[in-house]
Amino acid sequence: MPNFKIIQDVPDQARIKIFGSENDALITTNGGYLSVTAPVGGLSITAPTSGLLVTASPDGLSVTGPVNGIIVTAPASGLSVTAPTNGLLVTASPDGLSVTGPVNGIIVTAPASGLSVTPPSGGLLITSEGLSVISALATTDVTEAKIGLVDTAGSPSNTYTVLSVATYSFGLVNESTSAANAQATAQLQLSPDGVVWFNDSSVVTLSPSSSNGLVSDIFLKYARVYYAAVNAASAVDLTIFFQGQS
């Protein structure tokens, strides 16, 4: 096209460019998204009174700070960050991540599914002049039903890891009612490694329609019940309860 010298000789000049006050062009990348490269001194974004809304794509929001980091100053009313459906991922630099909240503190409201914090390889360090952690008591309640037990040699119950359980006990119920001699025996066993086991209680005998409990005075990582039938000709229905609180 003659006489259109810009298009003919320098077509790049025909594009519309937007420049900031420093005469640096704003760049679009990744299919037309706007890319803002912060200067060495950092990038300052002042939100209006109604607040600043950043809507991430379904793939998530990735923010890479400059060498000196990103400083976010929250208003007096607090800072609200709503993560996209796939969650919010914050990757700290090797020097660590520092979050300084406003005067009123930082409130993190977890979803109904719970809050998961995965620390980096170096561990998670929380420094506070006064740290208060409030949590509801966690309880464990597991039931094992041994129906038609005739083995007089005995077998172990499920193995329970009790390092995180502050208090626990085993409940034993002989559910048998038809045979008067349908008895069972039980004994508490502990182990430091899940391989070597030793008895931590005397053997208790449970007659039909009777119950008993086993509690340990020694704290080790693993616990279980070793149970057996007294008479192979009289099947026993034994129920073992493991209940704990942390």
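Quick notes
- Inspection of the stretch 216-223 finds a residue satisfying the criterion of being touching a residue at least 24 places away in the same chain (Cβ under 8 Å), within 18 Å of ASP141 (Cβ to Cβ) and not hydroxyl-bearing (Ser, Thr, Tyr).
- Among the residues here, SER191 does not qualify as of a type in the set (Ser, Thr, Tyr) and either over 15 Å from SER157 (Cα atoms) or exposed (fewer than 13 other Cβ atoms within 10 Å of the Cβ) (or both).
- Number of residues in the stretch 197-212 that are of a type in the set (Val, Ile, Thr) and either out of contact with any strand residue (DSSP E or B) (no Cβ under 9 Å at 6 or more places or on another chain) or not in a strand (DSSP E or B) (or both) equals 1.
- For ARG224, the criteria (1) under 20 Å from ASP151 (Cα atoms); (2) open to solvent by 30 Å² or more (accessible area, probe 1.4 Å); (3) at pLDDT below 95 hold in every case but one, which is (3).
- From the options VAL204, VAL215, residue that is loosely packed, with under 15 Cβ neighbours inside 10 Å and either at pLDDT 95 or above or of a type in the set (Lys, Arg) (or both): VAL215
Okay, residues lined up against (1) within 31 Å of the chain's Cα centre (by Cα); (2) surrounded by fewer than 19 Cβ atoms within 10 Å (Cβ to Cβ); (3) part of a loop (DSSP other than H, G, I, E, B); (4) among the polar types (S, T, N, Q):
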| position | (1), (2), (3), (4) |
| --- | --- |
| ASP151 | no, yes, yes, no |
| ASN158 | yes, yes, yes, yes |
| LEU163 | yes, yes, yes, no |
| LEU172 | no, no, no, no |
| SER176 | no, no, yes, yes |
| ALA180 | no, yes, yes, no |
| GLN187 | no, yes, no, yes |
| VAL195 | yes, yes, yes, no |
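The values are calculated or read from the model by the stated rules, or taken from the named source; none is laboratory data. None of the values given here were measured: they were computed from a predicted structure. Every residue, glycine among them, receives a Cβ derived from its backbone with ideal geometry; neighbour counts consider all protein chains shown. The protein model used for the area step is the full one, side chains on, heavy atoms only, and it has no ligands, DNA or RNA in it. Shrake-Rupley method; radii C 1.70, N 1.55, O 1.52, S 1.80 Å.
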